[in-house]
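Shown next, in structure tokens, is the structure this report addresses.
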Amino acid sequence: MKNRIKILIKGTVQGVGFRPKIYNLAVSLGINGNVSNTNAGVLIDAEADEKTLKTFIEKIKSEKPEKANITSIETVPQKEKGYKDFKIAKSAAGKEKSLLVTPDLSICNDCQNELFDAANRRHNYPFTTCVNCGPRFSIINKIPYDRKNNSMRHFEQCKACEWEYINPAERRFHSETNSCSICGPEIFLFDKNGKKIENENPLNKTIDLIKKGKIVAIKGIGGFHLVCDAENNSAVKELRKRKGRDKKPFALMSLDIEKIKEYCIVTQKEEALLSSQERPIVLLKRLNKITVSEAVAPGLDSFGVILPYTPLHYLILKQDFLALVATSANKAEDPIVASFREALANLKGIADFYLDHNRDIVNRIDDSIVKVINNKESIIRRARGYVPSPVKLEQELKEVLAVGGELKNTFCLTKGNYAFPSQHIGDLKSFTSLEHFERSIKNFKDLFGIKPKIVAFDMHPEYLSAKYAEKLKGVKKVKVQHHHAHIASCMAENGIQEKVIGVALDGTGYGDDGLIWGCEFLIADYAHFERLGHLKYILLQGGDAAVSEPWRTATSFLYDVYGKGLTKEKKLPFFSFAGRKNIESITGLIDKKVNTIPTSSMGRLFDAVSSILGICHENTYEGEAAMELESIIQENVIEFYDWHPEEEEGVMLLDCSELLRKVIEDLKAGIKVPVIAAKFHNSIAHGISDVAGELRKQTRINKVCLSGGCFQNRYLTEKLTSLLEAENFRVYTHSKVPTNDGGISLGQAMIANAIAK
Ligand code: ZN
Ligand code: ZN
Ligand code: FE
């Protein structure tokens with residue numbers, strides 16, 4: 001007696017070789033029926049005796065493809081049909097779109113071997129892929145993930161490729177990106193005016209050009225990179241000049257770990273991240289005497305390094321390069337350039353040549369950036385390789401759209417037990433980033449079939465994401481405080497339900513008193529927060545100008561310390577940079593309260609100290625002064641400056657004037673700047689841990705969540721974590737979404753969901 005059942009498998013099950021696996025399992029067990037992709041997942045119609053069907057389901061779970069992630073398996077009994085064999089059926093479009101879309105996967109080892117095997121028909125073929133690797137999210141127009149719904153639909157498979165596609169014994173059985181040099185996409189080389197270079201092998205010519213010091217824009221998975229030889233100092237400097245990018249670090253790409261070890265220290269954990277199929281840029285500590293140009297990351301003790309992730313990258317890097325600069329190709333704060341037409345329009349005067357290909361990028365997506373903090377992965381920019389994988393939540397959520405912040409924007413959609421944070425969108429003040437933001441929201445809603453009835457946004461009245469949300473019709477709107485969102489985001493990814501002590505440290509967030517917050521101690525759950533501590537307000541003059549010019553911030557902070565006596569502090573390094581006139585003009589404006597605002601920002605305090613110590617007076621990119629301050633820290637300094645929180649009307653205040661006075665005393669006493677930098681970091685950690693201790697006494701809460709951009713600072717995060725853990729606190733940090741503003745959309749969604757209940 002035969003039984004027939006339908007089995008619906010949900011999760012990340014498409015584009016990972018699931019159907020071929022099912023096919024082979026079914027055939028080996030003698031099961032008849034079929035398997036297909038649907039909008040909801042993979043659907044199997046199976047006929048066999050009861051025991052065999054049971055074994056079948058067990059084997060699906062235990063032998064699933066490596067990249068697959070099963071979230072549920074539902075079975076429904078059916079009337080017997082008498083199937084004669086087992087087939088992979090055409091995809092059916094169902095109603096429910098709950099399927100998880102696979103992120104882009106770096107080239108697998110099998111494909112790499114074929115790429116360099118002179119006897120293989122894919123030898124040197126730059127678009128070699130299989131069921132286990134290749135582009136996914138970046139080329140998908142809609143689900144289900146079939147060839148007709150992705151960019152490969154323009155390329156009809158040749159006979160040999162089709163054989164692989166239909167033959168269950170082949171490793172490219174039902175590979176939706178299958179192609180070869182006869183039937184697949186091609187590469188083309190263009191000069192700076194967009195004129196095609198004919199009669200030359202585009203790959204060899206490109207390698208030759210890079211060796212000669214040229215800058216080539218190369219199309220990859222999620223967009224174009226600007227590429228040059230990282231050992232060629234004048235090429236790297238020229239790229240800086242053309243991009244108008246003074247100091248912001250460039251990412252590097254090297255063939256393998258051995259090569260990376262020639263210029264960086266690589267720990268085991270970092271090696272695992274570098275080699276993972278997500279292939280992020282990993283921030284690594286640099287070595288000293290190296291051949292990589294100093295212009296790659298001026299003033300920093302680290303490099304962002306990535307291994308190749310496409311066949312094309314491998315083909316180029318095999319040609320004896322130690323490292324290539326591979327930086328996202330874009331204009332200023334615009335999104336990454338994703339088509340040749342955009343490249344020509346936006347990279348004029350930057351790229352000498354363009355290496356284009358004709359596989360369209362549907363969803364533009366940058367390289368992800370990660371770093372190891374506390375010996376775990378910490379995501380700085382969540383994009384290719386990670387998105388659109390969801391963050392699994394401990395609770396069921398309503399369908400919410402959270403639109404995120406302004407800089408480093410991401411948005412987030414939720415449904416059921418899942419949050420879907422978008423890829424890094426960028427700075428919304430750029431018009432094209434705003435367009436990218438709006439288009440991506442629409443795209444995500446379609447892809448996941450989510451129709452949010454609630455929209456969450458930041459309280460800041462000027463954030464363009466908030467303005468976008470305010471304009472939406474027919475949805476419930478929830479305004480969320482910036483630092484509450486940071487903490488809720490950290491709670492969500494750590495599965496915390498109860499109240500915590502939240503420590504949010506960042507540059508700028510709009511407070512519910514209308515002032516600028518940035519060092520906040522919140523007792524929070526998802527629905528509420530209470531602000532029980534912060535850095536004591538200082539009057540900051542200059543608004544946005546202060547953010548980009550730390551010497552202005554230093555003036556505001558020091559005026560708070562010295563008052564009129566500041567003009568006598570001529571020996572301070574920042575004084576000679578700024579000049580007495582400028583300093584007096586700022587203090588004059590502070591007296592008259594012109595363009596001033598009280599702030600409790602930790603980011604600004606770091607800026608001020610960086611300038612006071614003569615390290616960085618102007619930020620040419622976000623966070624520069626703080627990153628350079630961290631970079632020069634002398635290791636193994638445990639001293640710190642004593643400063644203690646004081647209670648005022650039930651709120652714990654940390655007064656940084658006490659701290660700054662001591663920093664300057666040390667500076668005047670001739671203590672080395674790297675030692676002062678270490679003592680300053682240590683003091684921040686001690687001050688925060690003291691406040692947390694006081695709050696635990698008051699509330700009996702023992703869980704501390706750390707969030708905000710300042711926790712990208714490895715030294716600070718590790719120091720603070722160890723101090724808190726020594727006091728028996730349970731400390732939680734981010735690893736699944738960024739601790740910077742790229743993570744707040746998740747927190748906003750959690751809060752809006754809780755409030756709307
Ligand atoms: Zn492969
Ligand atoms: Zn082919
Ligand atoms: Fe923030």
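Throughout, read-outs are computed from the coordinates displayed, never taken from laboratory work. This is a predicted model, so every value here is computed, not measured. For neighbour counting, all protein chains shown are included, and Cβ atoms are generated from backbone atoms with ideal geometry for every residue, glycine included.
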Longest to shortest principal axis, alpha-carbon extents of region 533-732, angstrom: 50, 38, 31
Please compute the length gained on full extension between Glu498 and Glu646, using 0.36 nm multiplied by the number of residues separating them and subtracting their Cα-Cα distance. 50.6 nm
Given Cα pairs under 8 Å that are at least 6 residues apart, what percent is the relative contact order of the chain? 11
So for R0 = 60 Å, FRET eff. of Lys581-Asn141 from the Cβ-Cβ r, to 0.05, ends up at 0.50
Which pairs, out of Lys247/Lys451; Lys453/Lys719; Lys67/Lys415, put more than 31 Å between their alpha-carbon atoms? Lys247/Lys451; Lys453/Lys719
If amide H atoms are built 1.01 Å from N in the plane of the peptide, which residues on other chains or at least 5 residues away come under 5 Å of the amide H of Val305? Leu252, Val282, Leu283, Leu284
Which cross-chain or sequence-distant (5 or more) residues have an amide H under 5 Å from the amide H of Lys87, H modelled 1.01 Å from N in plane? Gly33, Asn34, Val35
Towards the positive end of the charge dipole of region 564-722, with charges on Cβ (+1 Lys, Arg; -1 Asp, Glu), say which of Tyr715, Asn595, Ser576 has the farthest Cα. Ser576
Quick one: dipole size for the chain, taken about the Cα centre, charges +1 on Lys/Arg Cβ and -1 on Asp/Glu Cβ, in debye to the nearest 20. 2080
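On a 30 Å Cα-Cα criterion, which of the cross-link pairs Lys285/Lys318; Lys219/Lys241; Lys59/Lys371; Lys331/Lys473; Lys331/Lys672; Lys467/Lys679 come out too long?
Going by Cα-Cα distance, Lys59/Lys371; Lys331/Lys473; Lys331/Lys672; Lys467/Lys679 fall outside the 30 Å limit.
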Local electrostatic count, Leu322, Cβ distance below 10 Å [Lys/Arg +1, Asp/Glu -1]: -3
If Lys and Arg each add +1 and Asp and Glu each add -1, what is the summed charge of the other residues whose beta carbon sits under 15 Å from the beta carbon of Lys212? -4
On a full-extension model of 0.36 nm per residue, what is the gain between Lys2 and Ala756, subtracting their alpha-carbon distance, rounded to one decimal in nm? 266.5 nm
Cβ under 11 Å from Ile281's Cβ, Ile281 left aside: what net charge do those residues give with Lys, Arg +1 and Asp, Glu -1? +1
Residues whose built amide H sits under 5 Å from the amide H of Val227, excluding neighbours closer than 5 in sequence, are Val216, Ala217, Ile218
For Cys710, Cys108, order by how many other beta-carbon atoms lie within 10 Å, fewest first: Cys108, Cys710
Sorted by Cβ neighbour density within 10 Å, fewest at the top, the residues Leu605, Leu43: Leu43, Leu605
PRE reach from Lys205 (point 7 Å along Cα→Cβ): which of region 121-140 fall under 19 Å by backbone N? 125-127
What distance in nm lies between label points placed 7 Å from Cα along the C-beta direction at Lys471 and Asn69? 3.3
Output needed: Cys residues of the chain lacking any neighbouring Cys C-beta below 4.7 Å, sorted by number. Cys111, Cys130, Cys161, Cys180, Cys228, Cys264, Cys412, Cys519, Cys616, Cys656, Cys710
The chain: antiparallel DSSP beta bridges as a percent of all, rounded to 5: 75
Ranked highest first by the average count of other Cβ atoms within 10 Å around their residues, in what order do 404-412, 334-342, 689-697 fall? 404-412, 334-342, 689-697
Whole-percent pair-distance distribution, where bins are 10 Å wide, for the alpha carbons of the chain: 3, 14, 22, 24, 19, 11, 5, 2, 0, 0
Provide the gained length on full extension for the span Asp256 to Ser62, in nm with one decimal, where the gain is 0.36 nm per separating residue minus the Cα-Cα distance. 66.6 nm
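Students often check this: by mean Cβ neighbours within 10 Å, which of 79-86, 540-547, 556-563, 637-644 ranks highest, and how do the rest follow?
Packing order, densest peptide first, comes out as 556-563, 540-547, 637-644, 79-86.
With an 8 Å Cα cut-off and a minimum separation of 6 or more residues, compute the relative contact order for region 187-357 in percent.
So the answer I get is 37 percent.
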Could you give me the ³J(HN,Hα) list for region 211-227, computed from phi with Karplus coefficients 6.51, -1.76, 1.60 and θ = phi - 60°, whole Hz, x at Gly and Pro? 4, 7, x, 7, 9, 10, 8, 10, 6, x, 8, x, x, 8, 9, 9, 10
